[in-house]
């Protein structure tokens with residue numbers, strides 16, 4: 001596992017009314033700070049990658065559908081520099097992933113339905129000075145093949 005990356009298996013608690021799943025609590029080992037909560041989606045086969053943050057830690061999961069999440073450690077001096085982690089997260093594998101600053105990450109909706117991605121970063125988005133640094137999904141800088149679907153908008 002990439003140095004600083006942590007995961008939390010999420011437990012679904014069903015009853016006759018439906019089900020509940022706690023995602024992140026302030027007494028979890030992975031919890032650091034609250035910035036905001038947001039939801040983004042990806043249509044089937046669409047890749048949203050690559051980016052990293054200099055200041056914030058990202059905490060996220062897929063709450064509907066399935067996503068392939070990939071991480072790449074490009075931090076000089078890290079014990080896991082140049083390591084790639086890949087996770088399949090969502091309906092069939094509820095998992096919270098905590099990604100530290102300076103680790104590239106992205107995701108791809110897999111399957112035939114829209115995937116819903118819930119993110120709880122440690123900092124609120126700063127519209128004037130975004131803490132977001134991007135590369136295209138097919139960059140030569142990261143040795144990872146998303147198997148991009150031609151004709152779909154990725155990025």
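Assorted remarks:
- One residue stands out among those in the range 46-101 that are at positive phi and surrounded by fewer than 16 Cβ atoms within 10 Å (Cβ to Cβ): the one that is modelled with the highest pLDDT, which is 82.
- Some residue of the range 107-120 being touching a strand residue (DSSP E or B) at 6+ places or on another chain (Cβ under 9 Å), in contact (Cβ under 8 Å) with a residue 40 or more places away in the chain, assigned to a loop (DSSP other than H, G, I, E, B) and over 12 Å from residue 67 (Cα atoms): yes
- Test: residue in the range 15-23 that is under 16 Å from the mean Cα position of the chain (by Cα) and within 19 Å of residue 104 (Cα to Cα): no
- The lone exception for residue 138 - which of (1) within 21 Å of residue 154 (Cα to Cα); (2) crowded, with 21+ Cβ neighbours inside 10 Å it fails: (2)
The values are calculated or read from the model by the stated rules, or taken from the named source; none is laboratory data. None of these values were measured; they are calculated from a predicted model. Note that each Cβ is placed from the backbone with ideal geometry, even for glycine, and that neighbours are counted across all protein chains shown.
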